[in-house]
């Protein structure tokens, strides 16, 4: 009897949809027409289905780069509770003034998160690049993060249907054949609230469409066509040099978020 019960539970686990963890670094717009104050949300969740949100520890680093100048933003972080469709979790927010023209590269190095189901840590080092007034400055420069995706296309100037290309870097070198997970932010955050909207923007016909998987080539380069307007996250798995943390396995991933916009 116990054998049959175990088999049934195994089938249920195997049939459950695969969910990719994604470190989010969210602000509504990627291409600003004028300067102002950005509202940034730092959330570790599942963006396509707005599912379980993991508790974030205090980030190890949070900074921005504009015209080569690095500004520490750790003092601007405030802890918040983030509401997903299934639970609430510890997250952070920051309000950052953007005045000058050019690119603002926001970088987050989170504390590694322990995933009990895998018995291992996950550390998703995340970038998002916001532009003010159209002047390109820093978008294609490597920051020097231990795990990083360097864009080959402006990540804030993409029409729906454009191809986004990037290079996966680990410890300062291209990572050949890197595995990259891709997810669409299907439940955008509700303006002025720390929660995902309930209404989905798209429906996946089958579980394989929730988290898409692509591979980089021998030079660490990849390309992906953006089929729908909105934010898209790319996570190159395990490409950083920190393979263990607190005597456990650690996946040090490189994450970047890009936004596609419909032509009107």
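The values are calculated or read from the model by the stated rules, or taken from the named source; none is laboratory data. Bear in mind that the values here come from a model prediction, so they are computed numbers and not experimental data. A quick note on method: Cβ atoms are made from the backbone with ideal geometry, for glycine too, and the neighbour counts reach across all protein chains shown.
Points to keep in mind about this one:
- The condition (being assigned to a strand (DSSP E or B) and under 14 Å from residue 45 (Cα atoms)) is satisfied by just one residue among 121, 104, 92: 92.
- The condition of being loosely packed, with under 13 Cβ neighbours inside 10 Å and free of Cβ contacts under 8 Å to residues at least 24 places away in the same chain does not hold for residue 191.
- Options 152, 145, 77: the member that is surrounded by fewer than 19 Cβ atoms within 10 Å (Cβ to Cβ), farther than 16 Å from residue 258 by Cβ and touching a strand residue (DSSP E or B) at 6+ places or on another chain (Cβ under 7 Å): 77
- Of the criteria (1) assigned to a loop (DSSP other than H, G, I, E, B); (2) buried (at least 20 other Cβ atoms within 10 Å of the Cβ), which one residue 252 fails: (1)
- Selection status of residue 241, assigned to a loop (DSSP other than H, G, I, E, B), touching a strand residue (DSSP E or B) at 6+ places or on another chain (Cβ under 7 Å), surrounded by 21 or more Cβ atoms within 10 Å (Cβ to Cβ) and touching a residue at least 60 places away in the same chain (Cβ under 8 Å): no
- Any hit, region 190-208, residues being under 19 Å from residue 127 (Cα atoms), modelled with pLDDT of 95 or more and touching a strand residue (DSSP E or B) at 6+ places or on another chain (Cβ under 7 Å): no
- Candidates 205, 176 - the one that is farther than 26 Å from residue 98 by Cβ, touching a residue at least 12 places away in the same chain (Cβ under 8 Å) and surrounded by fewer than 21 Cβ atoms within 10 Å (Cβ to Cβ): 176
- Each residue in region 107-118 was checked for being outside any loop (DSSP other than H, G, I, E, B) and over 13 Å from the mean Cα position of the chain (by Cα), and 3 of them qualify.
- Criterion: buried (at least 21 other Cβ atoms within 10 Å of the Cβ), touching a strand residue (DSSP E or B) at 6+ places or on another chain (Cβ under 9 Å) and either under 24 Å from residue 245 (Cβ atoms) or touching a residue at least 60 places away in the same chain (Cβ under 8 Å) (or both) - qualifying residue of 131, 66: 131
- Residue within region 137-144 that is assigned to a strand (DSSP E or B) and under 18 Å from residue 42 (Cβ atoms) present: no
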